[in-house]
Amino acid sequence: MIKKFLPLAALTLAISSAYAAPVPGSSNDATFYTTPASIPTANGELITYRPIAVNLKDSAVSNAKAWNVLYSTKATGPEAGTLKDEVATGTVFVPNGTAKGVILYAVGTHGLGAQCAASKQLAAGTDYENANIAAALKAGYAVLVTDYVGYTSGKRPRYMAGASQGRNVLDIFKAATQIPGVGISASAKTAIWGFSQGGQAASWAAELHPTYAPHINLVGVAAGGIPGEFFDTARYLNARNGASFLLSTVLGLNEEYGQTRIPVNLIINPTGAAQVDELRGKCVFEALFDYQNDDIAEYTKEGYDMEVLLTGLPGVTLTLNEQQLGKTKVNVPVYQYHGVADQFIPLQQAFDLKKRWCALGTTVKFDAYPSEHIATQFQGAASSLAWIDDRFAGKAAPNTCSTTTAPVATPEDNTKGIKVALKQWPLAANVVVKGLNQTVVLPKESSFTAATDITEKTLRGTLNVPDFKQSLKILGIGAQVGMKIAPIGDTVGTVSLSRSGELTVTGTAKTDITVTSVWGIPFGQCKTQTPVEFPLNYKGPVSGLGNGLSFTGTTTFPPIKGCIISAIISALMSGSGQQYSFVVTPPAPKAN
């Protein structure tokens, strides 16, 4: 639990045009998240702040300090090229000790409801990006997390309005430096990191940085799962399992650009109006499951199908074109990453963005991860932080701009359920054999492959363990014991993702265990009389898909039969209380 500061008395914030200094904010959420009557015209002015207790569910960062902030920023005005004053909220984290730099962390989709703001979910300990933020803190960085505009009273999120989100990300830096005693220098080295919506926001922040916030000492940008081109992405989402992201985008762009550009009131039908009202109150995982596979045509008046919306309404077409990234050079190195099995954001358009940046002279390293969208967000964390560390250290940035052929996309069918495939994930496993009081370690070439459907809550997979030899002491004498572990049927079970982002896996792997030789002597097939059952149970944050899933427990080895020394082997190895640990981790990415 991040340290709780002494509570501040609730203060009524009287906003004036002067803004001589930021004001301590109310401990009451309803008051703190109130949109002020007047907003500073300068970007990144801290209006109010408060110390906050935040639960990142990681004891290693329990001594970090945290503040909520409300600060000035800019949204896109209704006329081309115009900006308007707005406020955004967010959370500022400072690690225990001296921070070695700053990461502007751009969160992914959280949902349109007021309760979905990242700052509120971080305070409640329910934010699905906890692990990435904690990792950045453990690495020694101050981490600044904007909620984006739209989570204060009377406002709605401007979801996927790229330029505005980029400004929100940049403006929290200046606001954070104004918190009394925070210790963040205005000249601190800074990186930007985000995935999905956060990848889009991070990319926009990078492109806007030279003209909008040149005072920030930016050294690099890590951005993954980027929707850099909206036309292809919209077609990829409509009537697919990620339809909620498309519907939310329509509402977010309507909020940013108004009815003239995004005429929701003109095209929506009564069914759509009812669904929109519900969607505006839901967080990301609620919306993901409730709207999967919905076709936008179901929500619009006759004649307004997907293609008409994309290309037949000039305001919509103009707005979507304005969201395209890669028109401006990023002046610092970029680490870009994407899952080849991404079922929400198409791979090709992301790789095309890489090529546009490269053509402008940006240094880009592009990594392709073997997984889908959600898993890639967390699988890419370690590589992102390592890459950021190198930028802070002043090392030369790697560049894959010479690679112009996109990696092959291998998404699961996204017209039905939400699927996550584990394709030959490395398996690190060991079993403590109770009778021998010794540990059997499976060979490093072992792997686990599984197909899961989170919508249907099904899991089906298989273990792959090569035959191997293990050094053990048999009757006090050292021996090389040949072993074979063969799966019996598929590993079957259930997998589910809660509406708060908690992943639950329950399954059973059944195997035959055979001792094929002892002291190099083949005594025959000393095999367990019945299959050994290994329960595979996991319950934790969905971020576990990035760090690896751990399964531990005890099982029973049945009697061993079938060879001339089976009685001896059985006496030493059979019985209950056999402790096991299985850890499956994602394969490494490939540079492209």
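Taken together, the values in this text are just the output of simple stated rules run on the coordinates, not laboratory data. A quick note: this is a predicted structure, and the numbers were derived from the prediction, not measured. Quick reminder, even Gly has a Cβ in these numbers, built from the backbone with ideal geometry, and neighbours come from all protein chains shown.
Would you mind ranking 569, 564, 133 by Cβ crowding within 10 Å, fewest neighbours first? Write down the numbers at each step before the final one.
Working: 569 22, 564 9, 133 27.
So the ranking, lowest neighbour count to highest, is 564, 569, 133.
Nearest 0.05, what FRET efficiency do residue 84 and residue 550 give at R0 = 45 Å with Cβ-Cβ as r? Don't skip to the end; give the middle numbers.
Working: r = 49 Å, r/R0 = 1.08.
Efficiency computed from Cβ-Cβ geometry: 0.40.
In debye, nearest 20, what is the charge dipole magnitude of region 211-351 about its Cα centre with +1 on Lys and Arg Cβ and -1 on Asp and Glu Cβ, if you could check?
Details: 8 positive and 16 negative charges, 111 e Å.
Here region 211-351 has a charge dipole of around 540 debye.
For residue 532, what is the net charge nearby, where nearby means another residue's Cβ is under 10 Å from its Cβ and Lys, Arg count +1, Asp, Glu -1? Each step should come with its number before you reach the end.
Working: positive: 510; negative: 512, 533.
Cβ neighbours under 10 Å give a net charge of -1.
Could you give the angle, 0 to 90 degrees to the nearest 10, between helix 197-212's Cα long axis and the longest principal axis of the Cα atoms of the chain?
40 degrees
Please state the charge dipole magnitude for the chain, taken about the Cα centre, from unit charges on C-beta atoms (+1 on K and R, -1 on D and E), reported in debye and rounded to the nearest 20.
Value, rounded to 20: 1800 debye.
I want to check the label-to-label distance for residue 579 and residue 41. Put each point 7 Å from Cα in the C-beta direction and report it in nm to one decimal.
Between residue 579 and residue 41, the simple spin-label model gives 6.8 nm.
For the pair residue 423 and residue 471, what calculated FRET efficiency results from E = 1/(1 + (r/R0)^6), where r is the Cβ-Cβ distance and R0 = 25 Å, to the nearest 0.05?
Working: r = 32 Å, r/R0 = 1.27.
My answer for the efficiency is 0.20.
What fraction of the DSSP beta bridges in the chain is antiparallel, stated in percent and rounded to the nearest 5?
Working: 97 of 127 bridges.
Restricted to the chain, the bridges split so that about 75 percent are antiparallel.
Can you tell me the dipole magnitude for region 419-591 around its Cα centre, using point charges on the Cβ only (Lys, Arg +1; Asp, Glu -1), in Debye to the nearest 20?
Numbers: 15 positive and 8 negative charges, 26 e Å.
Charge dipole, region 419-591, about its Cα centre: 120 debye, nearest 20.
Which loop trypsin sites (Lys or Arg not before Pro) in region 267-315, with loop taken from DSSP, have no more than 15 other Cβ atoms within 10 angstrom of their Cβ? Show your work: numbers first, answer last.
On the way: sites: 280, 282, 301; in loops: 280, 282, 301.
Qualifying residues, ordered by number: 301.
Using +1 at the Cβ of each Lys and Arg and -1 at the Cβ of each Asp and Glu in region 330-488, identify which of 411, 439, 334 lies farthest towards the dipole's positive end.
439
Could you list the residues of region 464-506 with an amide nitrogen less than 17 Å from a label point located 7 Å from the Cα of residue 124 in the Cα-to-C-beta direction?
498-503
If each DSSP helix of 4+ residues adds -39,500 (n - 2.57) and the sum is divided by the residues in the chain, what number results at 222 nm, nearest 500 deg cm²/dmol? Write out the running numbers ahead of the final one.
Numbers: 15 runs with 151 residues, N = 592.
It comes out at -7500 deg cm²/dmol, rounded to the nearest 500.
Could you give me the radius of gyration and the Dmax of region 106-167, taking only the C-alpha atoms into account and expressing both in angstrom?
According to the Cα coordinates of region 106-167, Rg and Dmax are 12.2, 38 Å.
Taking the Cα centre of each part, how many Å lie between region 198-233 and region 92-163?
For region 198-233 versus region 92-163, the Cα centre distance is 16 Å.
In region 128-164, which residues have a backbone nitrogen under 11 Å from the label point lying 7 Å from residue 57's Cα in the Cα-to-Cβ direction?
Correct set: 128-132.
From largest to smallest, what semi-axes in whole angstrom does region 419-591 give when each is the square root of 5 times an eigenvalue of its alpha carbon gyration tensor?
Over the Cα atoms of region 419-591, the ellipsoid semi-axes are 32, 16, 14 Å.
Would you indicate which of (i) 220; (ii) 202; (iii) 165 is the value of volume of the Cα convex hull per residue in Å³ derived from the coordinates of this structure?
Answer by label: (iii).
Could you work out how far apart the two model spin labels at residue 278 and residue 408 are, taking each label as a point 7 Å from the Cα in the direction of the beta carbon, and quote it in nm?
4.1 nm
How far, in degrees from 0 to 90, does helix 243-257 lean away from the longest principal axis of the Cα atoms of the chain, to the nearest 10?
The helix 243-257 is inclined about 20 degrees to the chain.
Using the basic label-point model (7 angstrom from Cα toward the beta carbon), what is the residue 430 to residue 355 distance in nanometres?
Roughly 4.8 nm, to one decimal.
Relative contact order for the chain: what percent, with Cα pairs under 8 Å and sequence separation of 6 or more? Intermediate results must be reported in sequence, preceding the final value.
Details: 1466 pairs, mean separation 59.5, N = 592.
After rounding, I find 10 percent.
For the chain, find the longest principal axis of its Cα atoms and tell me its angle to the long axis of helix 373-392, 0 to 90°, nearest 10.
Approximately 70 degrees, to the nearest 10.
For 358, 526, which order do you get if you count the other beta carbons within 10 Å of each Cβ and list the fewest first? Walk me through the intermediate numbers first.
Details: 358 21, 526 28.
Ranking 358, 526 by Cβ neighbours within 10 Å, fewest first, gives 358, 526.
Among 431, 532, what is the fewest-to-most ranking by other Cβ atoms within 10 Å? Please list the in-between numbers first.
Values: 431 23, 532 19.
Ranked by crowding around the Cβ, least crowded first: 532, 431.
Could you pull out the GluC sites (Glu not before Pro) across region 289-383 that fall in loop regions by DSSP (anything but H, G, I, E, B) with no more than 14 other Cβ atoms inside 10 Å? Write down the numbers at each step before the final one.
Working: sites: 298, 302, 307, 322, 372; in loops: 302, 372.
Here the sparse-neighbourhood loop sites are 302.
Positive end of the dipole of region 248-354, charges at C-beta (+1 Lys, Arg; -1 Asp, Glu), about the Cα centre: which of 314, 250, 287 has its Cα farthest in that direction?
Checking the options against the dipole of region 248-354, the answer is 314.
Among 106, 62, 175, which residue has its Cα furthest toward the positive end of the charge dipole of region 28-181, with +1 on Lys/Arg Cβ and -1 on Asp/Glu Cβ?
Toward the positive end, the furthest listed residue is 62.
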